[in-house]
1. Which one of the conditions (1) among the polar types (S, T, N, Q); (2) buried (at least 24 other Cβ atoms within 10 Å of the Cβ); (3) free of Cβ contacts under 8 Å to residues at least 60 places away in the same chain does residue 134 fail to meet, given that it meets all the rest?
2. So residue 1 passes all but one of these: (1) farther than 30 Å from residue 189 by Cα; (2) at pLDDT 95 or above. Which condition number does it fail?
3. What are the residues in the range 250-273 that are closer than 25 Å to residue 70 by Cα, within 15 Å of the ligand (Cβ to nearest atom) and touching a strand residue (DSSP E or B) at 6+ places or on another chain (Cβ under 9 Å), if any?
4. Do any helices (runs of 4 or more DSSP H) entirely within the range 85-158 hold 1 or more residues that are closer than 20 Å to residue 61 by Cα, at pLDDT 95 or above and not assigned by TED's automatic domain parsing to the domain that holds residue 319, and if so, which?
5. Filter the range 98-111 for residues that are surrounded by 24 or more Cβ atoms within 10 Å (Cβ to Cβ) and of a type outside the set (Phe, Trp, Tyr) and give the result.
6. Considering only residues of the range 229-249 that are assigned to a helix (DSSP H, G or I) and within 25 Å of residue 101 (Cβ to Cβ), which is nearest to the ligand (Cβ to nearest atom)?
7. When you scan the range 202-222, do you find a residue that is closer than 19 Å to residue 167 by Cβ, touching a Phe, Trp or Tyr at 6+ places or on another chain (Cβ under 7 Å) and in a helix (DSSP H, G or I), even just one?
Amino acid sequence: MRIKNIQVDIVKIPFRKPFTMAMWTSKEKIHVVARITSEDGIVGIGESVPLVAEFGEPAKGIKEIIEQYFAPVLIGVEIFDIEEIYRRMNAAVKFHWFAKSTIDFAIYDLMGKTANVPLYSLLGGLNNDKILLNWVIGIQEPENAAKEAEYYFNKGYRSFKLKARESDRAINTLREVRAIVKDKAKIRVDANQSWSVSEAIQTINKMEKFEPELIEQPVSYWNLEGMAQVRNATNIPIMADEGVVTINDAIRAVRLGAADIINLKIAKSAGIFYSRKIADIAEGAGLECIIGSMLEGWIGTAASAHLAVSCKSVKKGCDLVGPLLHSDQIVKKENFGFKYEEGYLKLLPTIQSGLGVEIDPLKLIQYQEKVNENN
Ligand SMILES: [Mg+2]
């Protein structure tokens, strides 16, 4: 079955409340939505949510890359020839992982729908039907972070991720949240590259008494050597995020001893195709993985969830809470294959073929957006 048509839309959906990370605060999220139609009329859907400060690739750029560079070389290609699809995309455009991942999600959805099986069946089968979630707490005053943690602890969450930037505030936030959840929940800290090597070592050593589960991306993405220094000088497991994007980065991280865990984010690694390879490298090197998030809506979150339940190396809490942070979604709710319940994302027996989610065309129109240069 061959690719007949590729269509791309940009939508903007408000967050329930503004969200702050190391590099930005935002009231809403831009989503790039791709629909790929096969010759027999089946439609696969994909999504990417640009994080421009961290990874580049604004929404308009993703749309343009897909429409002007990918569509012309992909129309007519057999949908199950994923190696050929990547060969053509990589030959047409260097880098641009988010644009490639948008196509990748839609192709995998199309493969699942055409084979009439859930996507996880194509990725290794169902190893686990529920995914432990981290509630992700944006940067804010420590007492407010503690209140948010208490609220979600009472809703059943037992794993938290604290976004961090300034060292003192990060330590104080960890202390306050630990005081709330005591030893009943895991807490991890994500610095999003905020610290120098020496600052990271000092900060993590001060955090040790509050028992963080792990520290995520303490130093710059390019500094895997520095991250290895941090890992050697501290006692808390280190997780690579922005530092491991390609399969080559994963090999380097393993060789340097830079990380104990890899945060797989499908979008940053150009899709499920390469993310599965990184997960395999991690498994072979004795590292664990978690599945992270770009705070996607249901399309990207579903793709991540299918990978999470099919990967043996995914063991700790995953960040798949994006749909809960948005005020609305562009997918239909009937035959919905997922449910948030007491700190887990569960795959339901009702899950249908492919990703298990469908676009609601009216919502797509409602949130369609003319996007300015900064998006
Ligand atoms: Mg991260």
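1. (3)
2. Of the numbered conditions (1) farther than 30 Å from residue 189 by Cα; (2) at pLDDT 95 or above, the odd one out for residue 1 is (2).
3. 264, 265, 266, 267
4. On the way: elements: 97-115, 119-122, 142-154.
Of the helices (runs of 4 or more DSSP H) lying wholly inside the range 85-158, those with at least 1 residues that are closer than 20 Å to residue 61 by Cα, at pLDDT 95 or above and not assigned by TED's automatic domain parsing to the domain that holds residue 319 span 97-115.
5. Here is the first cut: in the range 98-111, the ones surrounded by 24 or more Cβ atoms within 10 Å (Cβ to Cβ) are 98-110.
If the condition is that a residue be surrounded by 24 or more Cβ atoms within 10 Å (Cβ to Cβ) and of a type outside the set (Phe, Trp, Tyr), then 99, 100, 101, 102, 103, 104, 106, 107, 109, 110 are the ones that fit.
6. 249
7. The answer is yes, given that some residue of the range 202-222 is closer than 19 Å to residue 167 by Cβ, touching a Phe, Trp or Tyr at 6+ places or on another chain (Cβ under 7 Å) and in a helix (DSSP H, G or I).
Condition check ((1) surrounded by fewer than 17 Cβ atoms within 10 Å (Cβ to Cβ); (2) of a type outside the set (A, V, I, L, M); (3) in contact (Cβ under 8 Å) with a residue 40 or more places away in the chain) across all residues:
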{"residue": "263", "(1), (2), (3)": "no, yes, yes"}
{"residue": "276", "(1), (2), (3)": "no, yes, yes"}
{"residue": "279", "(1), (2), (3)": "no, no, no"}
{"residue": "284", "(1), (2), (3)": "yes, yes, no"}
{"residue": "292", "(1), (2), (3)": "no, yes, yes"}
{"residue": "320", "(1), (2), (3)": "no, no, yes"}
{"residue": "332", "(1), (2), (3)": "yes, yes, no"}
{"residue": "351", "(1), (2), (3)": "no, no, yes"}
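The values are calculated or read from the model by the stated rules, or taken from the named source; none is laboratory data. Just so you know, these numbers come straight off a predicted model, no measurement behind them. Don't worry about glycine lacking a Cβ; one is built from the backbone with ideal geometry, like all the others, and counts go over all protein chains shown.
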